[in-house]
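Have a look at the structure below, then the notes.
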Amino acid sequence: MIEWFNKANEKIQENKAYLTSLDQPIGDGDHGINMARGFQEVAGKLSENDYTDISAILKEVAMTLLAKVGGASGPLYGTVFLKMSMTLKGRDVVDGTAFTKGLEDALAGVKQRGKAETGEKTLVDVWQAVVEYFQAGNITADGLVEVAARAKERTKDMVATKGRAAYFKEKSKGHIDPGSASSYLVFEALADVMKEKH
Amino acid sequence: MIEWFNKANEKIQENKAYLTSLDQPIGDGDHGINMARGFQEVAGKLSENDYTDISAILKEVAMTLLAKVGGASGPLYGTVFLKMSMTLKGRDVVDGTAFTKGLEDALAGVKQRGKAETGEKTLVDVWQAVVEYFQAGNITADGLVEVAARAKERTKDMVATKGRAAYFKEKSKGHIDPGSASSYLVFEALADVMKEKH
Amino acid sequence: MKKIINDPNQVVQDMVDGLVAAFPKTMKKVEGTLVIARSDAPVSNKVGLVSGGGSGHEPAHAGYVGKGMLDAAVCGEVFTSPTPDQVFEAIKAVDGGAGVFLVIKNYTGDVLNFEMAAELAEAEGIQVEKVVVNDDVAVEDSSFTTGRRGIAGTVFVHKIAGAKAESGASLEEVKAVAEKVVGNVRSMGMALTPCIVPAAGEPSFKLDNDEMEIGIGIHGEPGINRTQIDSADAIATALTEKVLEDHDFSGEVAVMINGLGATPEMELFIVNKKVQEILADKGISVYKTFVGEYMTSLEMAGCSVSLLKLDDELKELLDAESGAPAFRM
Amino acid sequence: MKKIINDPNQVVQDMVDGLVAAFPKTMKKVEGTLVIARSDAPVSNKVGLVSGGGSGHEPAHAGYVGKGMLDAAVCGEVFTSPTPDQVFEAIKAVDGGAGVFLVIKNYTGDVLNFEMAAELAEAEGIQVEKVVVNDDVAVEDSSFTTGRRGIAGTVFVHKIAGAKAESGASLEEVKAVAEKVVGNVRSMGMALTPCIVPAAGEPSFKLDNDEMEIGIGIHGEPGINRTQIDSADAIATALTEKVLEDHDFSGEVAVMINGLGATPEMELFIVNKKVQEILADKGISVYKTFVGEYMTSLEMAGCSVSLLKLDDELKELLDAESGAPAFRM
Ligand SMILES: Nc1ncnc2c1ncn2[C@@H]1O[C@H](COP(=O)(O)OP(=O)(O)O)[C@@H](O)[C@H]1O
Ligand SMILES: Nc1ncnc2c1ncn2[C@@H]1O[C@H](COP(=O)(O)OP(=O)(O)O)[C@@H](O)[C@H]1O
Ligand SMILES: [Mg+2]
Ligand SMILES: [Mg+2]
Ligand SMILES: [Mg+2]
Ligand SMILES: [Mg+2]
């Protein structure tokens, strides 16, 4: 788990300017700044403290993102990992089924929090695709990256109806959603960790 | 008298931009705008009304300049012609002696109003030179223009100690004083009228 | 970027300190946070009023902290919603036992962060209610989208809900009057120039030398159209007509002509002249007019026009005493 | 030139109309003039307080018209002193039989025009006294020159002399307290950008992208030096130290951090933070702080710092009620 977030932090830091550039034409140009600030702090916290179980790690991640990211993405990412933490509470080992349940609950949580469905050009689009991939079973690192990447790319042709990008209406078309891009990086990090474990 | 002010108005309108340009480096760049607004109104008033005597004309000029010019130059020019009007009160014909007395009183008035002496880089410098020229007698149109022009030019090398130009301190050197330039035009107009009369 | 600041990443901290230093009798900082609370908070048995959002809209929101208005304002990073933990701190700081009421401008980030804070507070047994302000008629009103933005009209909500809370009203009553204000206030803005978020260092959008944008949001979100600069009368007309179209303002109104930051007050009064003429023409009578900077966008040049339809209750609450430095009555 | 105006030559007229339309209960226009007077002027047996000057410094001066502050403000063309006939109209409009007191900022034009108006009034039997405000320490104080300019500190004179007049004091007493304020107030300003007089259409001076000018006047008159933009702390220090050098401020002071027009309020609070630290370091205690736009220069970006040394009388008068829209207490 800790490796996942360290890896995710690395990727977010590397792509800070890229994420911000995605947020410029259809947002307020801070998504990279927000995410980098949050994940930096997550990595710091995780390296300083000891955790008794996976749920505690996820809760720390959630609370840190909540308190540091701000904007729309802060509570959304906070919700994702808080829900996961609740689902995985009390478990020492997390098998595929449990992790899938965690992802499902995370998706449900973020949809409810953002009052968003798929197709609205938000990070929900990436999470939905990933959840469906896990539900189908037969999970590989490369398959995960491919599914997440495809979902991210698909947001390009959507018209935003949620978040700041919605004010751009039709003009939001033709730009990848910044939140989908950061979610893609989170899953790319997960795939990297999965590869290393094998 | 009326011809004097019509002529002066012509010259001021022609030199509006020039006067303003003099006020830019060492003032607030409105002297031409102020003077043009005032003399335009003076010419209008004088063409509309009938006046019983010269003093009444001068008073009209004074009150119009006072009410229309604004800034520092408004009350100064207003004072000049108000004093002249008072000195020439009750006279039907104005001879050289009376006019010289009028100029003297005007100069005294403007010095008192502006708390200025000669050498302070203000219109007082031109008025002083002209008064002395009239006091010396032997007055010609060309002589008057020459005296006024020389006095105006002399302000270039002075350091301003009165009015807005004083904030520029040493930097005010090298620029002709805008008020001296407008006063020069007033006397150039007077000389033109003297020439036409002969 | 020409700004009088120290570190672009410390502007909010510095501002909060400077604000509390200016008005120590009126407000205090909740230690370790960017929350500014009334100096006497929590006031027992009074509903606590909390608002806030991204910084850069000063005097909103911290300038409205004071007796008869907000009990606390939460200062986010510039144009970035404050986080739930900060909002939660504000709620705790003003909870006097009668519950806490949140005034939220309708931006996804603000709504999400304030809602999460409300959940945290409720989990600790603090009763929380909220209103979401969405007065910006430049955005189409549709239940399928993010909805309208909250802009300068929010200040009327602060004032009136604040007066209601000060009068000893219950949480439900405060909520009811706040909803009444939200239902009856509409605004629209325009800009001549963009603004620069200190940490970004560059304007987030550009306007040509002869361009203006009608309907722009207070963070530079897109407006309705971008055209050549027009006269003050034309601008006032465009804004006022769109506001009037959106709601029945017959009767009595309060007017707010709000400067976005860099617009000389002279220009706001010129706009006001035309707005008052239009209202008089339509037979709408003006109870009170506010002209000045109430909800800014850093150094953006531009203005917004807000109208609030009044009834007797709203008039009385609008007139009630206020000790907030940016809204003295 | 990006401005929300109609005709550049009508801005003052439009502004005056828009101002009176905004605050009809507080002020009225003296018909046929650009004079704004208290709606209940003349107040019998009260000393009438008149100020004014060129426009473009809003809310100065007309925003300070109201009970407890100015009885009338004379609005000149932008940055141009009003003419004596206008000032005379103001004097007549507020003369309630106890005499009229003029508050004049120290610019040749203002002094001359107000003095001439005073003479006209005296000729009609109205008793007139005056004070000339010269708080700008950026200018060397020498009896051989024009002397120091009047800037933001003037607002303290309006407030305190206004409160004195409202209390029923005589013309002599009002003059005495106004002179006390002038003797004890000092200010200095700085700018990051110039401003544009509407009728001129262009800035009267230029500042490079990385330049600022310390000590600048409110019409863009030259300051002390032009340097690279420095931090807010350095700017606050430069202004405050120069003000402190010029007068003994030991004891208690009022502080005014004044925005010149385009500076976000956030930045004014950042400046205030440092100013308060400096004062605390020197053991000077702050009785009251004012942060906002009080004496602007159209859309100039920049600020000024004013200090007023207080005694019991000044404190009481500073705290007295004011109904002026731009200075509510
Ligand atoms: N209502 C919502 N539901 C789900 N995701 C959302 C919603 N609103 C915004 N987002 C996501 O948040 C991202 C923007 O995050 P960020 O730029 O950090 O916040 P802000 O918009 O407040 O500046 C968007 O790209 C989108 O993926
Ligand atoms: N104290 C003074 N005494 C005499 N003349 C003065 C004084 N102050 C200014 N002037 C004259 O007024 C002129 C400036 O007039 P103007 O630009 O119209 O007014 P302002 O300086 O108010 O903008 C100066 O060039 C100078 O000749
Ligand atoms: Mg963003
Ligand atoms: Mg001038
Ligand atoms: Mg944001
Ligand atoms: Mg001038």
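The values are calculated or read from the model by the stated rules, or taken from the named source; none is laboratory data. Bear in mind that the values here come from a model prediction, so they are computed numbers and not experimental data. Because the Cβ atoms are built from the backbone with ideal geometry, glycine has one as well, and the counts that use them run over all protein chains shown.
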### Message
Among the numbered criteria (1) modelled with pLDDT of 95 or more; (2) more than 20 Å from the chain's Cα centre (by Cα); (3) within 14 Å of chain A (Cβ to nearest Cβ), which one does C:Ile126 miss?
### Response
(3)
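Could you count how many residues in the stretch B:175-184 are within 14 Å of chain D (Cβ to nearest Cβ) and outside any loop (DSSP other than H, G, I, E, B)?
Residues meeting the conditions: 2.
Somewhere in the stretch D:304-320, is a residue away from every other protein chain (no Cβ under 12 Å), in a strand (DSSP E or B) and of a type in the set (Ser, Thr, Tyr)?
Just the residues of the stretch D:304-320 that are away from every other protein chain (no Cβ under 12 Å), to begin with: D:306-318, D:320.
Now drop any that are not in a strand (DSSP E or B), which leaves D:306-310.
Filter once more, so that each one left must be of a type in the set (Ser, Thr, Tyr): D:306.
Scanning the stretch D:304-320 turns up at least one residue that is away from every other protein chain (no Cβ under 12 Å), in a strand (DSSP E or B) and of a type in the set (Ser, Thr, Tyr).
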### Message
Being of a type outside the set (Val, Ile, Thr) and more than 13 Å from the chain's Cα centre (by Cα) is true for just one of A:Asp142, A:Asp125. Which residue is that?
### Response
A:Asp142
### Task
Starting from residues that are in contact (Cβ under 8 Å) with a residue 24 or more places away in the chain and charged (D, E, K, R), keep the ones in the stretch A:132-154 and report whichever is farthest from A:Trp4 (Cα to Cα).
A:Arg154
### Query
Across the stretch B:159-198, which residue is farthest from B:His31 (Cα to Cα) among those that are without any contact (Cβ under 8 Å) to a residue 60 or more places away in the chain and more than 16 Å from ligand 2 (Cβ to nearest atom)?
B:His198
### Task
May I ask you to list the residues in the stretch D:61-88 that are hydrophobic (A, V, I, L, M, F, W, C) and modelled with pLDDT of 95 or more?
D:Ala62, D:Val65, D:Met69, D:Leu70, D:Ala72, D:Ala73, D:Val74, D:Cys75, D:Val87, D:Phe88
### Query
Does C:Ala280 count as facing another protein chain (nearest Cβ under 10 Å), in a helix (DSSP H, G or I) and among the small types (Gly, Ala, Ser)?
yes
### Query
With respect to A:Ser85, is the statement that it is away from ligand 5 (no atom under 16 Å from the Cβ), surrounded by 23 or more Cβ atoms within 10 Å (Cβ to Cβ) and hydroxyl-bearing (Ser, Thr, Tyr) true?
yes
### Task
Evaluate the stretch C:78-101: report whether one residue or more is under 14 Å from the mean Cα position of the chain (by Cα) and either closer than 24 Å to C:Met329 by Cα or more than 16 Å from ligand 5 (Cβ to nearest atom) (or both).
no
### Message
Pull out all pairs, ordered by first then second residue, where Cβ-Cβ is under 7 Å, the residues are six or more apart or on different chains, the first lies in the stretch D:236-259 and is farther than 14 Å from D:Asp136 by Cα, and the second is modelled with pLDDT under 95.
### Response
none
### Message
Take the residues in the stretch B:157-174 that are more than 16 Å from ligand 6 (Cβ to nearest atom) and under 21 Å from D:Glu221 (Cβ atoms); name whichever of them is nearest to the other protein chains (Cβ to nearest Cβ).
### Response
B:Thr161
### Query
Does D:Gly76 fit the bill of being within 13 Å of another protein chain (Cβ to nearest Cβ), in contact with a helix residue (DSSP H, G or I) (Cβ under 8 Å, 6 or more places away or on another chain) and over 27 Å from C:Met256 (Cβ atoms)?
yes
### Query
For the stretch A:119-156, what are the residues that are within 14 Å of chain C (Cβ to nearest Cβ) and not in a helix (DSSP H, G or I)?
A:Gly119, A:Glu120, A:Lys121, A:Thr122, A:Leu123
### Query
Among the helices (runs of 4 or more DSSP H) confined wholly to the stretch A:1-72, which include 3 or more residues that are more than 14 Å from every other protein chain (Cβ to nearest Cβ) and away from ligand 3 (no atom under 16 Å from the Cβ)?
A:2-14, A:31-48, A:54-68
